[in-house]
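Here's the structure we're looking at; comments come further down.
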Amino acid sequence: MPWLGVGLLIGVLGIAALIPLASYDVVADVDPTRAFAGPGLRHPLGTDHLGRDILWRMLLASRAFVGPGLLACLVCLGFGLPLGAAAGWFSGAVAAVIRYLFTVVQGLPRFILVLLALSIYGNRPSVLAIAAGLAYAPTLGEAIFERIEGLRSSEFIAAHRAHGVSETRLLLVHLLWGACRRLLARHLLALFAFLLILETTLSYLGFGVEQPHPSWGNMLAFDLDHDGSGWMPLVAPATAIWLVIAATVWVRQGLAEEEHGA
Amino acid sequence: MTRLVPATLLMLSALGAHAAPLRYAEDRAPGIVNPAFATSMSEARINELIFEGLFTDSQELASVPKLAERAEVAADKRSMVIGLRREVTWHDGTVFSADDVVFTIKALQDPRTASPEMGRVEWIANAEAVDPHTVKLTFHQPEFAPEDKLHFKILPAHHFRDTAISRSDPFRNRPIGTGPWTLTSYNDDNSITLQRYRDYWGDARIDEFRMREVADKNYQAKLIVYESIEALVRVLPRDLATLQNDRKVELYPYQTNSWWYVGFNLSREPMDDPRVRQALALMVDVPELLAPIGTGDRVSGPFVPSSPFYNHDVPVLEQNIERAAALLREAGFERDGRTWKRDGQPLALRIASQKNLETAQDVVINLQTQFQNQGVRVEATFLDISDWKRQIWTDRDYDLVLSLWTFDRNEDIHKQFHSSGSRNFSGYANPEVDELLDKAKATTDPQEKRALFRQAHAKIAQEQPMVFLWTLDSYAAMTTKAQNVVIHPFTFFTFAPSWTLR
Amino acid sequence: MALALGREALGFVLTLLGAVVLVQSLLYFAPGDAIDTLPNAEELRPVLERQWRLGESLPIQIGSYLWDLAQGDLRTSLVYRPGMPVWEVIARPAWRSAQLLLAATLLATSVGVGLSFWTQGRRHLTRPAVWAVSIVPVFLLARLMIHLLNTTTWSMMQADLIARPAWFALPLEDHPLRWALAVSILAIGSGALSEIHSESEGLLRKIRASGYIEAARARGAPLWPSILRNLLPPLTVAIASRAAFFVGGLVILEKILLLNGIGAILWQAAVSRDYPLALGITLLTAAAVGLFRLGADALRLWWDPRRGATA
């Protein structure tokens, strides 16, 4: 299963990266006369209420969350990793202050923080990504802190110290890379899935990605209650959302097993 | 599923002796039921059931007395005396009197009240109670039809201590009016129940109204089909077909006094060039834009065709690609493959529209497609109301807007097209038009006003500060159980007293 | 134990304080405010800025808010229910949301733990099935359920197979079914159930491996109390740490199912820039989440079989 997950995720990233090269144009592909055409050769998944090709929109919609998802991961790493590592490494007052910050942010439900940020700073994918990344950073930071604090005084580290390994190298190579990389990957995958859920939910509720640009969320919002829309406008985006979330979970499970096994 | 549903669910108990209510859906429940602070349409609608003004609209949309019984305007048109109905009582039993009218005007004018309705009374210089049933109003300047401006709702003076009224006053959800229905409960599920006021001075048939909040617009039409509500204030165009085919639902068309437009930002290149504006206007296939969102009449200028001020001599613009291309070339653009370019820069514009304007999305998407097919790249954004006001009205940071203007019966386009107008964000300025609008504002002669506005219509249409699109037919949906239904295009429930429900 | 709890309570107050400062600062740098939503905003701005206390500097805003808060005043709503005290707007919806949240937590826990007893330690088809349903986002689950229930019921009504059920049509009618639907979707969706399930399975594995069970069996004592005593404390803490996550689902669910709780109100407040209301709800949820954690920690301390050793 983990490898299937990796494959799926690489596929989605690939589509999001390559789709701008395709000649499809969200603006030009409007023709109300062919609205709700069923699946066929020309439109493998049929068309929506404005006669737009569902398959193309499905593929294009991957951009709505892949870019912001990666940005959110970067933001989260940028804040969560150094703060968590500092707290774990120095402990004492530094750790107390950093962990207090973590607790404050974690006390506010993540979804609410993101919603507030969007309503304040404008409804843009970058705001969504940065807000989600920052809201998730304490969770990542806490995890890193616990891991490093646990190992800091362990025999494993003491042994390396005895061999004359420098403190920086010890922290960067042995602790962060050696002991935390799978943990990091697991959290970033969780964040990525969280962002997908956020983005599709907000777009569904009319607060995220806006027409004419497609999102799996806003595709779900529109066509369900039309007469004669068929099932495809519902089934296609719903399945896609499920698959991507499932993929992140599969990979996370694989990483967790590897970590426990190692 | 088939076995499970009937087994687990309760049956609807017969409603029996209690008359069924008329349930209608709103996207958002009224936030405050105090006419002094009404800002949304849902508030305007519910106020129409609970409160009354001195005058109201007849079914032909002419001003007729409501709480007023008779009115006399002085010969110099600078004052009027209004005799009030004597048999009217407030919902708490108190007798309605001239003090209430005077209080309402003073309260709306009081700057401490900070009422969004302030503008409706600023033309009144003074209001005094001559006797308990007579009010005298004096005006700042001559008014030729003051009764048209006296539709605002009257508040009960005895409820308030001071003319500075506050949003926090308990009146906000326990209002007292003189209207046919009284608000009996503001419920926990955001619904509002209104019952017929037994001592109402006039006639009203329906026993109970219930406002239901249905935040998901996609869902409203389904609910009337499922008979979960009886009335839908505004049907989305895409739901029209479904409702038309439903034998238990009747559609009521009504025309609002509003028209749609694509506005240019005249202070920006290249829209400051009238040839470019003309060219862009000629690229638009208006009927194709209108078709997916409903039916309506096209307009050639800033009035609706049914208005006395509409100039029928000005023709509506038809799509003309060749002429558009010729105009763009004149303005220095060259067609480079699929796109128009000037000095190597492609012609690319940003169009903004309001997020809560439900049908605007489809129009913008279609418009984008049309422009793009003609070699003009257009990027779309949808703004919420506060972003809209800041970005468009204040910062004027846009190229094109798709929006609409809605007018009251005065159809005063001064704000939109006068160079000093407060809503003139496009930056339109023409001394001739300014003069025409000033004169129209000052005149007391309806004939002259008509002539002036028609001239202004022709002048504005010629300069093309915006592409005038259409006035859209709106549809209300109502169960066939409701009869005698006439709908007011703006306040919706104005004629509700004569409705009946089987 | 009292000392530990006291320290946690202090931490809780400090956290809330931090939340006020954080959210107030977020709001302070916001472009645009509630006045923008009024039709004649330009005219009214001078008066309303004073009335609504919008023009002050950040430290003064935070200070005066804390001062009001200390006196139990959450200020008044500006746009959602203009003029209504925030406390009055949210008190009853908050109670409803709390019930919903609590019911969903209990349901997720009991089903998750129950399933884990059944599935742990062997290959079982139930596990992937639970997992597959549970990872569906809340909004999608709610949308599908409403659509499915409404359309099937309506077609059966049209065919005269059934009379009109009292809950019909979803989500408009106030009926226990709607509430039950909300509770179960919240308990299952966005991974809630599967996470508790696997958490509980993991704990069970540890407990079985730890030797407690063998010790209890050797003593001839009943096994269940022993297992639960070792399972519930860490599980409660794990669930409490996800309380904030549940709240996110609540916002969406209340909006889609038209349940008038604080989640739906928060959405409206955020969309219409009713900042006092948004701030009030944010703080209330932060306080609730914090209290929940505090309670869970207290429970753990009280339950913990090793309490005797540490105290």
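A few comments on the model shown:
- Subset tally (residues that are exposed (fewer than 13 other Cβ atoms within 10 Å of the Cβ) and assigned to a strand (DSSP E or B)) for the range B:65-102: 2
- Matching residues in the range A:236-254 - criterion: being at the interface with another protein chain (Cβ under 10 Å from one of its Cβ atoms) and free of Cβ contacts under 8 Å to residues at least 24 places away in the same chain: A:A238, A:W242
- Only listed residue being on the phi > 0 side of the Ramachandran plot and surrounded by 14 or more Cβ atoms within 10 Å (Cβ to Cβ), chosen from B:G332, B:G375, B:G301, B:G337: B:G375
- In the set (1) surrounded by 13 or more Cβ atoms within 10 Å (Cβ to Cβ); (2) without any contact (Cβ under 8 Å) to a residue 60 or more places away in the chain; (3) over 16 Å from C:L16 (Cα atoms), the condition left unmet by C:D68 is number (3).
- Subset of the range B:475-502 [within 16 Å of B:V249 (Cβ to Cβ), in a strand (DSSP E or B) and of a type in the set (A, V, I, L, M, F, W, C)]: B:A476, B:A477, B:M478, B:A482, B:L501
- With a requirement of 2 or more residues that are more than 25 Å from B:L472 (Cα to Cα) and of a type outside the set (K, R), the strands (runs of 3 or more DSSP E) lying completely within the range B:189-279 that satisfy it span B:192-196, B:208-213.
- Boolean, B:D397 is assigned by TED's automatic domain parsing to the domain that holds B:K459, modelled with pLDDT of 85 or more and in a loop (DSSP other than H, G, I, E, B): yes
- Complete set of residues in the range A:7-35 that are under 26 Å from the mean Cα position of the chain (by Cα), β-branched (V, I, T) and within 14 Å of chain B (Cβ to nearest Cβ): A:V26
- A:T33 in contact with a Ser or Thr (Cβ under 8 Å, 6 or more places away or on another chain), over 30 Å from B:D387 (Cβ atoms), hydroxyl-bearing (S, T, Y) and without any contact (Cβ under 8 Å) to a residue 40 or more places away in the chain: no
- Candidate set: the range A:53-102, residues that are among the hydroxyl-bearing types (S, T, Y) and under 30 Å from C:A9 (Cβ atoms); chosen: the one surrounded by the fewest Cβ atoms within 10 Å (Cβ to Cβ): A:Y100
- Filter result for A:A135 (surrounded by fewer than 19 Cβ atoms within 10 Å (Cβ to Cβ), within 12 Å of chain C (Cβ to nearest Cβ) and within 23 Å of C:L291 (Cβ to Cβ)): no
- Criterion: surrounded by fewer than 20 Cβ atoms within 10 Å (Cβ to Cβ) and more than 10 Å from every other protein chain (Cβ to nearest Cβ) - qualifying residue of B:L357, B:L347: B:L357
- The set of residues from the range A:88-102 being in contact (Cβ under 8 Å) with a residue 60 or more places away in the chain and in a helix (DSSP H, G or I) comprises A:G88, A:W89.
- Among the residues of the range C:23-41, those that are surrounded by fewer than 18 Cβ atoms within 10 Å (Cβ to Cβ) and at the interface with chain A (Cβ under 10 Å from one of its Cβ atoms) comprise C:Y28, C:F29, C:A30, C:P31.
- Restricted to the range A:147-262, the set of helices (runs of 4 or more DSSP H) holding at least 2 residues that are of a type in the set (F, W, Y) comprises A:180-204, A:216-223, A:232-261.
- Of the helices (runs of 4 or more DSSP H) contained entirely in the range C:211-285, those carrying at least 1 residues that are surrounded by fewer than 24 Cβ atoms within 10 Å (Cβ to Cβ) and away from chain A (no Cβ under 14 Å) fall at C:212-219, C:223-240.
- For A:R42, the requirement of being of a type in the set (D, E, K, R) and outside any helix (DSSP H, G or I) is met.
- Those residues of the range B:139-163 which are surrounded by fewer than 18 Cβ atoms within 10 Å (Cβ to Cβ) and outside any loop (DSSP other than H, G, I, E, B), in sequence order: B:D148, B:H158
- Contact map, the range B:34-54: residues that are at pLDDT 95 or above paired with residues that are of a type in the set (D, E, K, R) and outside any loop (DSSP other than H, G, I, E, B), Cβ distance under 6 Å, separation 6+ or inter-chain. Pairs shown: B:N34/B:R172; B:P35/B:K153; B:N47/B:K153; B:F51/B:K153; B:G53/B:K153.
- A single member of C:G63, C:G11 is farther than 19 Å from A:A117 by Cα, small (G, A, S) and away from chain A (no Cβ under 14 Å), and it is C:G63.
- So A:I157, is it more than 14 Å from chain C (Cβ to nearest Cβ), β-branched (V, I, T) and surrounded by fewer than 22 Cβ atoms within 10 Å (Cβ to Cβ): yes
- Candidates are the residues of the range A:103-132 that are outside any helix (DSSP H, G or I) and either surrounded by fewer than 21 Cβ atoms within 10 Å (Cβ to Cβ) or at pLDDT 95 or above (or both); the one that is nearest to the chain's Cα centre (by Cα) is A:R124.
- One residue stands out in the range B:215-229 among those that are more than 7 Å from chain C (Cβ to nearest Cβ) and among the aliphatic types (A, V, I, L, M): the one that is farthest from the chain's Cα centre (by Cα), namely B:V225.
The values are calculated or read from the model by the stated rules, or taken from the named source; none is laboratory data. Note that this is a predicted model, so its numbers are computed, not measured. Counting neighbours? That spans all protein chains shown, and the Cβs are built from the backbone with ideal geometry, glycine included.
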